[in-house]
Amino acid sequence: MQKRDQLYEGKAKIIYATDDPDHVIVYFKDDATAFNGLKKDSIFGKGELNAKISTVFFKLLAEHGFPTHFVEQLNERELLAKKLEIIPVEVVVRNIAAGSLVKRLGFSEGQLLPCVIREFYYKNDALGDPLVNEYHLEALGASTFEQLSELSRQALEVNRILRTFLAKHDLDLVDFKLEFGLFHGQILLGDEITPDTCRFWDATSGEKLDKDRFRQDLGGLTEAYAEVYRRIIQG
Ligand code: TMP
């Protein structure tokens, strides 16, 4: 498949067209941003690690019969994926309290949540991706109630698969963010599944092995991502 024009550049990825209208190439950059782009840096090696880590998780989901946009890893930084019509909603799933949940609602960081929390955010940089509910999204024309209930169902299924798998590798899946899109009318999981979009903690020590190392200036980001990769490729 031939690489064609750049279609879109996001904070951490670039999407290229291919000579097949149904497929795109997803290129993982080394750039890291936080707080809606206010904090920025380039971290050598992050892009390659994220391409490899996403590949492991998308393949894992496929093995569980869960369809995604992933087709194959093309090279160190690029994946081939189905071209989706993006639904402008971020679905966040939380097992353990961290991040904005702690700041907003006063949970203690590290507290196991009594139920799995699912949240919707409206994907809109100008508005800073606000937390919304299904009525907001329906009124905005971002997605329908029916689609949201399907996204919610799929997000819970992804949580079940990833959480069980990660536990075997001594990693806690604290929380994560998913994005979905439509492929010829079918809802498919898109985007990436990486330590940029998930919180992974060492299940024994509680050490943060994700983008919080950058958000909180803890250092050692590539080492943490490499550690996640090392663990998840073990049988
Ligand atoms: P939060 O606690 O900051 O709301 O983040 C929840 C999860 O969503 C966490 O795993 C990080 C991920 N996330 C993104 O992937 N992109 C974002 O823009 C934000 C704010 C969070």
(request) Output the relative contact order of the stretch 1-129, whole-number percent, from Cα pairs under 8 angstrom with separation of 6+ residues. (result) 17 percent
(message) Using the crude model of +1 on Lys and Arg Cβ and -1 on Asp and Glu Cβ, and no other charge, please compute the dipole size for the chain relative to its Cα centre, in debye to 20.
(response) 400 debye
(message) In whole Hz and in residue order, list the ³J(HN,Hα) couplings for the stretch 2-9 that follow from phi through the Karplus curve 6.51 cos²θ - 1.76 cosθ + 1.60, θ = phi - 60°; x for Gly and Pro.
(response) 8, 7, 10, 5, 5, 9, 6, 10
(message) Less than 14 Å apart at the alpha-carbon level, and either on another chain or at least 8 residues along: which aspartates and glutamates does that give for residue 82?
(response) 19, 20, 22, 72, 179, 191, 192
(request) Please turn the phi angles of the stretch 75-80 into ³J(HN,Hα) values with the Karplus equation 6.51 cos²θ - 1.76 cosθ + 1.60 (θ = phi - 60°), one per residue in order, whole Hz, x for glycine and proline. (result) 7, 4, 10, 10, 10, 8
(message) Cβ neighbours within 10 Å, averaged per peptide: list 190-200, 28-38 in order, most packed at the top.
(response) 190-200, 28-38
(message) At a threshold of 8 angstrom on Cα-Cα distance, excluding pairs fewer than six apart, so keeping six or more, what relative contact order does the stretch 96-235 reach in percent?
(response) 13 percent
(request) Inverting the mean 1/r over all pairs of different Cα atoms, compute the Kirkwood radius of the stretch 1-125 and quote it in Å. (result) 16.7 Å
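For the chain, what is the calculated [θ] at 222 nm in deg cm²/dmol (nearest 500), taking -39500 (n - 2.57) for each run of four or more DSSP H residues and dividing by its residue count? All intermediate terms of the calculation are to be shown ahead of the outcome.
Values: 6 runs with 71 residues, N = 235.
One gets -9500 deg cm²/dmol as the mean residue ellipticity at 222 nm.
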(request) With N set to the residue count of the chain, report its C-alpha Rg divided by 2.2 N^0.38 Å to two decimal places. (result) 0.97
(message) Of the candidates 126, 224, 81, which one comes out as most mobile in a Gaussian network treatment of the chain with C-alpha springs shorter than 10 Å?
(response) 126
(message) Between the stretch 27-92 and the stretch 118-197, what is the separation of their alpha carbon centroids in Å?
(response) 14 Å
(message) Please state the shape class of the stretch 92-213: rounded when a/c is under 1.5, otherwise prolate if a/b exceeds b/c and oblate if not, all from the C-alpha gyration tensor.
(response) prolate
(message) Please compute the contact order of the chain in relative form: average sequence separation of alpha-carbon pairs under 8 Å and at least six residues apart, divided by the residue count, as a percent.
(response) 18 percent
(message) Give me, ordered by chain and number, the residues 5 or more places off residue 30 or on other chains with an amide H under 5 Å from its own placed amide H.
(response) 47
(request) Could you bin all the Cα-Cα distances of the stretch 19-89 into 5 Å bins starting at 0 and give me the percent of pairs in each, rounded to whole numbers? (result) 4, 15, 19, 21, 21, 14, 5, 1
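Any read-out appearing in this document is the output of simple, stated calculations on the displayed coordinates, not a laboratory observation. What you see is a predicted model, and the numbers here were worked out from it, not measured in a lab. Methodologically, a virtual Cβ is constructed for each residue, glycine included, from the backbone with ideal geometry; neighbour enumeration extends over all protein chains shown.
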